[in-house]
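Student: This is the structure I have questions about; it appears just below.
Every number in this text was worked out from the coordinates using simple rules, so none of it is lab data. Model, not experiment: these values are computed from the prediction. All Cβ positions, glycine included, derive from the backbone under ideal geometry; neighbour counts span all protein chains shown.
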Amino acid sequence: MKKHLLLLASLMAGFSMVTARAQPGPPPGPNWDGAMAKLFGDNPGFTATMEFHFSRAAGQEITMPGKIAHLEGKARFEMDMSNMQGGFVSPQAAAHMKQMGMTKMFSITRRDLKIIYMVYPDMKAYTEMPIRETNAPASEYKAEVTKLGEETINGHDCIKNKVVVTCPDGSTRESTLWNAPDLNKFPIKIQLASKEGRAMILLFNDVKLEKPDAAMFDPPADFTKYDSMMSLMMSRARGVPPQ
């Protein structure tokens, strides 16, 4: 049992790193750092359904649907790993995750608090991890935009742009965006490149440019906080109910 828990804890911890840089191991989700926030331009509050595609080194593509909400620098991503296609999770690990109530999760990125919450609604539990990125103001991230053409994405006539974001430390992030003028230039599609040549593609639907409820960006008050993924899983394995 402990061996299975160690494997699952490692798996979930790797997934919860939510980094936008493609790398070996579990498929990452988008990381809401300053460079990512810069790609959404003048849209301080919005909600949308989201689907991200991640290409692994062996050529395998992983697809995960989810939801996104953003409010003035705070971000929330919801996902259900039972809906993942082309996944890295073995049938045994998937069965354990389902049994323990860990297939549904959402991450809340609070750059103002330098914290990422990983919340598991079926367990009524959450963990938190520090954000190591310096919380520099948006004005310190510079974006250079080059128009590449025009394409229609998800029924929206979009302008395809190459965007290079320069971070406060001088590092750069290059992305390709399909901005929809009818949605205040919201990026309906984002392609993020990596040094390894792999890419993550984010596709958005049902975009609503309205500020979501601020309560969405805090863990529910009646959920139990755990110090680590392992302590959460060990507690669940022992049958300890939320406190």
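Student: Step through the residues of segment 170-179 one at a time and calculate ³J(HN,Hα) from phi using the Karplus curve (6.51 cos²θ - 1.76 cosθ + 1.60, θ = phi - 60°), rounding each to whole Hz and writing x for Gly and Pro.
Tutor: So the Karplus estimates, Gly and Pro as x, are x, 6, 10, 10, 9, 9, 10, 10, 10, 8 Hz.
Student: OK, next. When ranked by the protection proxy of mean other Cβ atoms within 10 Å per residue, highest first, what sequence do the peptides 167-173, 106-112, 227-233 form?
Tutor: Working: 167-173: 12.7, 106-112: 20.4, 227-233: 17.6.
Descending mean neighbour count gives 106-112, 227-233, 167-173.
Student: Also, quick follow-up: Going by how many other beta carbons lie within 10 Å of each one, how would you line up 115, 62, fewest first?
Tutor: Least to most surrounded, the residues fall as 115, 62.
Student: What distance in nm separates the simple spin-label points at residue 172 and residue 113, each placed 7 Å from Cα in the Cβ direction?
Tutor: A separation of 3.6 nm, rounded to one decimal place.
Student: So how far apart, in nm, are the two label points at residue 63 and residue 215 if each is 7 Å from Cα heading toward Cβ?
Tutor: 3.5 nm
Student: Additional query: Would you grab the residues whose amide H sits under 5 Å from the one on residue 185? Only those 5+ places off in sequence or on another chain, please, with H modelled 1.01 Å from N.
Tutor: Sorted by chain and number, the residues that satisfy this are 180.
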